[in-house]
Structure formats: C-alpha cells, structure tokens
Amino acid sequence: MFLYKIIKKNQKLAAKRNPAFDTNRFAKFLMYFMAVYWAAILLFLGVMLPALFEGVVPNMEPYHIMNQGFVYVMFADFLIRFMGQPAVAQELKPYLLMPVKKNRLIDTFLIQSGLSGFNFIWFFTYVPFAFLTIIRFYGFGGMFLYLIGIWMLFVLNNYWYLLCKMLMSEKTIWYLLPVAVYGALGCAEFLLDGLPISRFTMNLGEGFIEGNPLSFLFVLAIIVALFVLNREIQKKLLYDEISKVKDTKMKHVSEYKFLDKYGDVGEYIRLELKLIARNKTVKAQFRMAFIIMIGFSMVVAFTDVYDGTGMITFLCAYNYLLLPIMTLGQVMTFEGNYIDGLMSRKESIYNLLRAKYYLTTLIIVFPLFFMLFPVYKGKITLLMAFAYLIFTVGVVFFLLLQLAVYNTRTLPLNSTIMKSNKTSTTAQMIIMALAMGVPLILDSLFTTLFSETVAYTLLTVIGLAFIATHNIWIKNIYNRFMKRRYENMEAFRASR
C-alpha cells in the first residue's frame, strides 16, 4: 500500500507538472467535454435499453438480453482501451532504478490497473439499467451483486488487454492473438446451434444476480490467471530489455546510400527512415496503421455492411489520412529533441519539411494499393481512389505541414502519441479536424452539385494544383517558422 500511494502521488504530480497542464486550456476543456458527452450517452443507453428490450423481446426480461451481449460490450471495451489506457511497461520503466523488488513493483502497477477508474466507465450504462430492471425482482442486494460481477468482468478485460498490448508491442505476430480469440468466439456463437456464447453469458449474469459463488469464482480464477501471466511475461520482457547481452550484439545498419545523390533532402529522408526503422513506438504505430488500412479495405471490398451509405466514402478518405496524420501530424515534435542541432545550419528546416513531404508522398502509395481491392470488387471507382490520393498529397499535406509552425512541444521517442498529452495543442486539433473534414465536405458538395466523374475530377485538379505549387507553400511555412523560431525553440526545450 505504501508503494501504491507513492506511485499514485507521483502520477498526480507528473500530470500537474506537464507543460500542457496550464498552457492548453482549450485541450483540457475539450477533453472534459468529450468525457461528459460520452458519459451522457452511456447514461442515456442505460435508461432507454430496458424499455427497448421489453418492446423487442417481450417474453424475456431485459437483463437477460443485456447479459447475452456481454461479449460485444467487452469487445468494444477492449478496443476503447487502445485509445486511452497505457501499457504497464510504459509507466513501470521510470521506477526500475528504485531499490524495490521487481516483482513487488510489477504487482503494484497491475493492482493499480485493476483498480483503475477505466474499469468503471460502463457503469454509466449498467447502474441505471440494473436499477430499472433488477431491483423489482431481487432488490438492492441482487443489484449490488450484479454490479460487482460486472466490475469483475471489466477487470478481467483489463488484464486481457494488458496482455495483448504487451505482446503486440514486442512482435507483430501477436496481433493475431485477439483476432484468433474473438474469431473463435464468433464462430462458436454463429456456427454452432443455440448461440452457446450468448447463453453462457446470460447464465453467468443470472449467477451474479442470484449470488451464485461459482459465477464469481469462475471470473476470479480467470482474473488471477491473467494477472500471473501478465506478471511473468512482464518480468521476462524487463529482464530482456536491461540485459547487457543484447546490447553487445551488432546488427547490420542500412545507410540508404541511394539517397546521397539528393543532397540535404536525401539526408533528412534518411533521418526519417531511421526514425521509423529504429524506434519501437513509431514502428508499432506504422504496423497498427497498416493493419487498420487492410481491415477497412477488406471490409469495404468483401462485405455489404457499408453498401449504400456514406461510410464507404469515409473509409476511403480515412485510409489515405491514417499514415499522413501519424507522420505529418507530429511534424517537428520528434525533432524537438534535437532542434538546436537543426537550427545550426542554414535552411535545414526547409529541407527537412521537403523531405517529410516527399517521403510521406511515397508512403501514401500503400493505401492506394489496398484500395484496389474495393475497386476490383466494384465498390468504388478507380477515379475515386485516385482522386483521394491526389487530394491527400496536395491539400491534406498542405494543411498538416502547417503544424510545423504551431507544434511547440517535444514528443519523447519512447512515448506513444495517444498517451502523450504534450502534443494536444489547440492548433493541432483544429488543423487535424480540417484535414479529416475538408475531403469529405468537398466530396459531398461536389457529388451533390455534379456527377461523380466531374466531382472526383475536380478533387484531382485541386490536389494537382497544390502539388505543383508545393515548393511555394513549403517555403512559406519555413519563413513563418523562422519568424518565431526562438519562441518555438524555447518551448521545445521546456517540454523535453
């Protein structure tokens, strides 16, 4: 408990001492607003679902139907955790030099994760739902036992997420683990007779309400097993990371000699490639982006889920936006670690911006390749896929590179973008919103006024105009950056 209290205190102090704590009020307001907004949505669902279930399935109690959907809720919870919950290793590393046993340190962080408020988010739905449906049959005691069981399920889901997150950060092959587990559950549910997964979760929820000890012991046993598994794997990974044996092994290092003929621009492209190849966090983000792009492309191409809806247009645009937002959306934040060295050479920032533009243009070819599957299946036209490519390289890149002027907070190379709140500036939020919204708004406007062929031709022409003038607007960005270079350099140093 003493170690637990110290860690909690340090985390609160770290949040208060973050440079973004006092300077970015808009981001904090937006974060609190979104938290209240989603809490209100979940609360609304908890109030409305009982009446909805009674109307749809009048021969069953609403809590039986709700319990049948446990797996779907836990799957949604699993995905949401990737956006807001850090891995244990990410918070554990600063404490490795403390005179504390590694087992005790890991156990403390795992216990802290199990008691995290993240495991209570869905209570905004389950508490009003249980109040409206369970109390009249089982009283407050049944409701209380039910909510304890629900909390244990989300604690279980928490340790399952931590296990997957830890393994996936080490090897790409481990992305197949959640795919295999949820795929097996889906096959068992829909291919076997009687919907066995839904029936099992319904009986499990009934056991919670009735206070059946076997239901609680079953979930508790899985929680303990996942806890121990997380601890043992975390110990092994920590040992491997601090082991001197691995540090002494020499690996082949590519120098990308073919870039020498491109001068300073080639040198900065080489720097970007080494950042992507050597930094574990950046590599993990690229792997996730490629998996999402492949997933979206396959869903559009081989399913009818989004046929006849605007979601096909959104997914097409998002496939092209994913990698640029990841790379250009953080422009200058990684460079903030060595901004003084960059500023020592004339026009080095200008060549750096050109290098980022050219490299991201080459990377954007990958989404085009993935979008050929929906084109082949006739879900979208080749003109649409090509138009979004050109518009992204022209207009969207133009918008994102503006952040070179306004990004003033250094992003540590060992920090994830989703976890770090150092980069959530007002300018970044506005420009990213524009980068994601402008293609869809113009697409909707042009397809309303003209035929699809004319609309996508106009998007292509606009994109080509920005591509043809890229040297002009990149030079403009560079000049604006240089006018406020001392202010930016001071901010980069302060946020390291």
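The values are calculated or read from the model by the stated rules, or taken from the named source; none is laboratory data. Every value quoted in this text rests on a predicted model; they were computed, and no experiment measured them. With ideal geometry, Cβ positions are generated from the backbone for all residues, glycine too; neighbour counts draw on all protein chains shown. In case anyone asks, the SASA skips ligands and DNA or RNA and just uses the protein heavy atoms, side chains included. Shrake-Rupley method; radii C 1.70, N 1.55, O 1.52, S 1.80 Å.
On alpha-carbon atoms, Rg over Rh for the stretch 333-415 using Kirkwood Rh? Can you show the working numbers first?
Values: Rg = 16.9 Å, Rh = 15.1 Å.
Ratio value, two decimals: 1.12.
Quick check: with the 1.4 Å probe, what order do ARG199, ARG231 take by accessible area, largest first? Don't skip to the answer; put the middle values down first.
Values: ARG199 110, ARG231 60 Å².
Heavy-atom accessible area, descending, gives ARG199, ARG231.
If you plug each phi of the stretch 162-173 into the Karplus form 6.51 cos²θ - 1.76 cosθ + 1.60 with θ = phi - 60°, what whole-Hz ³J(HN,Hα) values come out, in order, with x for Gly and Pro?
Each residue's phi maps through the Karplus curve to give 4, 4, 5, 4, 5, 5, 5, 6, 8, 9, 5, 4 Hz.
For the stretch 93-204, count all C-alpha to C-alpha pairs, find those more than 18 Å apart, and express that count as a whole percent of the total.
Here the tail beyond 18 Å accounts for 68 percent of pairs.
Can you work out the Karplus-derived ³J(HN,Hα) for every residue in the stretch 388-404? Use 6.51 cos²θ - 1.76 cosθ + 1.60 with θ = phi - 60°, whole Hz, and x for glycine or proline.
After applying 6.51 cos²θ - 1.76 cosθ + 1.60, I find 5, 4, 5, 5, 5, 4, x, 6, 5, 4, 4, 5, 5, 5, 4, 5, 4 Hz.
Counting only protein heavy atoms and a 1.4 Å probe, tell me what percentage of the stretch 423-495's accessible area is made up of carbon and sulfur.
Details: 2670 of 3900 Å².
Carbon plus sulfur share of accessible area: 69 percent.
Find the eigenvalues of the gyration tensor of the Cα atoms of the stretch 339-496, then list the square roots of 5 times those eigenvalues as equivalent ellipsoid semi-axes, largest first, in whole angstrom. Write out the running numbers ahead of the final one.
Numbers: eigenvalues 221, 59, 44 Å².
Values for the stretch 339-496, descending: 33, 17, 15 Å.
Could you sort out which of LYS8/LYS171; LYS257/LYS379; LYS5/LYS235 sit more than 32 Å apart by Cα distance in this structure? If you can, show how the numbers build up before the last one.
Details: LYS8/LYS171 30 Å; LYS257/LYS379 42 Å; LYS5/LYS235 22 Å.
Cα-Cα > 32 Å for LYS257/LYS379; rest within.
Could you check the simple spin-label distance between PHE33 and PHE144, using points 7 Å along Cα→Cβ, in nm with one decimal?
4.0
Per residue of the stretch 467-478, what does 6.51 cos²θ - 1.76 cosθ + 1.60 with θ = phi - 60° give for ³J(HN,Hα)? Whole Hz please, x for Gly and Pro, Karplus curve as stated.
5, 5, 9, 4, 5, 5, 6, 5, 4, 4, 4, 4
What number comes out for the charge environment of HIS470, summing +1 per Lys or Arg and -1 per Asp or Glu over other residues with Cβ under 13 Å away?
+3
If R0 is 51 Å, what FRET efficiency do you get for ALA468 and ASP193 from their C-beta distance, rounded to 0.05? Can you show the working numbers first?
Working: r = 62 Å, r/R0 = 1.22.
Efficiency computed from Cβ-Cβ geometry: 0.25.
Whole number in Å², please: accessible area per residue of the stretch 331-475, 1.4 Å probe, ligands, DNA and RNA not counted. Please list the in-between numbers first.
Values: 6210 Å² over 145 residues.
Per-residue accessible area for the stretch 331-475 comes out at 43 Å².
Suppose each label sits 7 Å from its Cα in the direction of the beta carbon; what would the GLU347-ILE41 distance come out to in nanometres?
Each label point lies 7 Å from its Cα, and together they span 4.8 nm.
Give the separation of the Cα centroids, the stretch 354-403 to the stretch 273-294, in Å.
Their Cα centres are 18 Å away from one another.
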